[in-house]
1. Taking Cα Rg over 2.2 N^0.38 Å as the quantity of interest, determine which of [x] 1.03; [y] 0.96; [z] 1.23 was computed from the displayed structure.
2. Using a/c under 1.5 as the rounded threshold, could you call the stretch 176-333 rounded, prolate or oblate? The axes a ≥ b ≥ c are square roots of the C-alpha gyration tensor eigenvalues, and prolate needs a/b larger than b/c, oblate otherwise.
3. VAL53's amide H: which non-local residues (gap 5+, or another chain) put their own amide H closer than 5 Å, with H modeled 1.01 Å from N in plane and none for Pro or chain starts?
4. For the stretch 243-287, what does the alpha-carbon gyration tensor say about shape, rounded, prolate or oblate, given a ≥ b ≥ c as the root eigenvalues, a/c under 1.5 as rounded, and a/b over b/c as prolate?
5. For the chain, which longest stretch is free of loop sites, where a loop site is one of the GluC sites (Glu not before Pro) that DSSP puts outside H, G, I, E and B and that has at most 13 other Cβ atoms within 10 Å?
6. Would you mind calculating the gained length between GLN88 and ASP264 on full extension (0.36 nm times residue separation, minus the Cα-Cα distance), in nm to one decimal?
7. With runs of 4+ DSSP H residues as the only contributors, calculate the mean residue ellipticity of the chain at 222 nm using -39,500 (n - 2.57) per run, divided by the residue total and rounded to the nearest 500.
8. Along the Cα→Cβ direction, 7 angstrom out, place labels at ILE177 and GLN133. What is the inter-label distance in nm?
Amino acid sequence: MVLVKTQQDLRGKLAQQWLDSLNCNYQLHSPIADASFRRYWQLAIDDCIYDKVLLMDCPPEQENLSLFIETRKIFAKNLLWRVPKIFQQDNEQGFALIENFGDQLFTKAYQQDTSQVTSYIAFALNALIGLQQQGVNAQLENYDEQKLQIEIEIFAPWFVNKLCDYALSIKEQDILIQCQQRLISNMLNQSQTIIHRDYHSRNLLLILEEEHQQLGVIDFQGAFNGAITYDAVSLIKDCYWKLSEKQQYELLKNYWQNLCKKVDKTPNWQDFQRDFHYSGIQRHLKVLGIFSRLALDHDKHHYLKDIPLVLWHLTTALAQYPEFSDLHRLIKKLILRLENQQIKWVDV
């Protein structure tokens, strides 16, 4: 066995022992951090039946490897994309050897050729329809009222109170509650389908094999049955890459037209646009809370630089709907407070 080149923590030592039991001559490189408690190690394996492999570490007390395995089976039914193969797994210890799709994440591809960004997104939206044609899946949990409420409630304590250092008035609390109820009601009344729930540029990869381009999809273990617009808004209104409003509109319109041909009960264009924006407002309120918590509670401060783009998405959507005018004013007030803090803003 080649000497391990990684931090010698308990999980790292357990990973070594597990790999040794597979009789592979391996080199374990530095772990790749994830927004969750998962970690991934790139492996160099000699004289072994596996090629292009990642070691996935899912600490059992925090992550459910079995859920990843079962959800993978559901996502693998969509032949318009690829999900990683599982070569070996140990559900009890929380380790798995999975296929490595390389490093050509959409975020990297976007940067390398900005002229192709909308083509990549259209490619991924078309593949998404293959999942949505399955409808809902009884093995998955539903993105129900309770789950939506729990997620959106992350916004106030972490973004408003802690990051913005602001205490909501009773009136502002009521405004937020009423808006949350409107958003949740809309999402529950949309057509329901399987959703990835983090279908964005950091979880999608371009795979080039024999001059044939494929879409690789990862990080799908959080899948639910939920609102049909949710994954589309995660990609078109990506928290890590900005498209113009015109580009967003054109991508959404083309996606809706294709969806109408393949998925029953797709709503009319006007309702679909509204549902799309409502799902985006819910998602971006949640994301503001999550990014703030990751930065303040988990020392992942790099998420702060993504907050301005999330706020741009949020305010752009809120401005289109009079029913959210009070929330829009509140968000603009919070933006002014953040501008006085030591946060490195990006141009949005």
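1. Checking each listed value against the structure points to [x].
2. It comes out oblate by the Cα gyration axes.
3. The answer is LEU43, ASN100.
4. Cα axes put the stretch 243-287 in the oblate bin.
5. Between the exposed loop sites, the longest stretch runs 212-348.
6. Once the chain is fully extended between GLN88 and ASP264, it gains 59.5 nm.
7. Taken over the chain, the calculation gives -14500 deg cm²/dmol.
8. 4.6
Every number in this text was worked out from the coordinates using simple rules, so none of it is lab data. Please read all numbers here as calculations on a predicted model, not as lab measurements. Note that we place each Cβ from the backbone using ideal geometry, even for glycine, and neighbour counts take in every protein chain shown.
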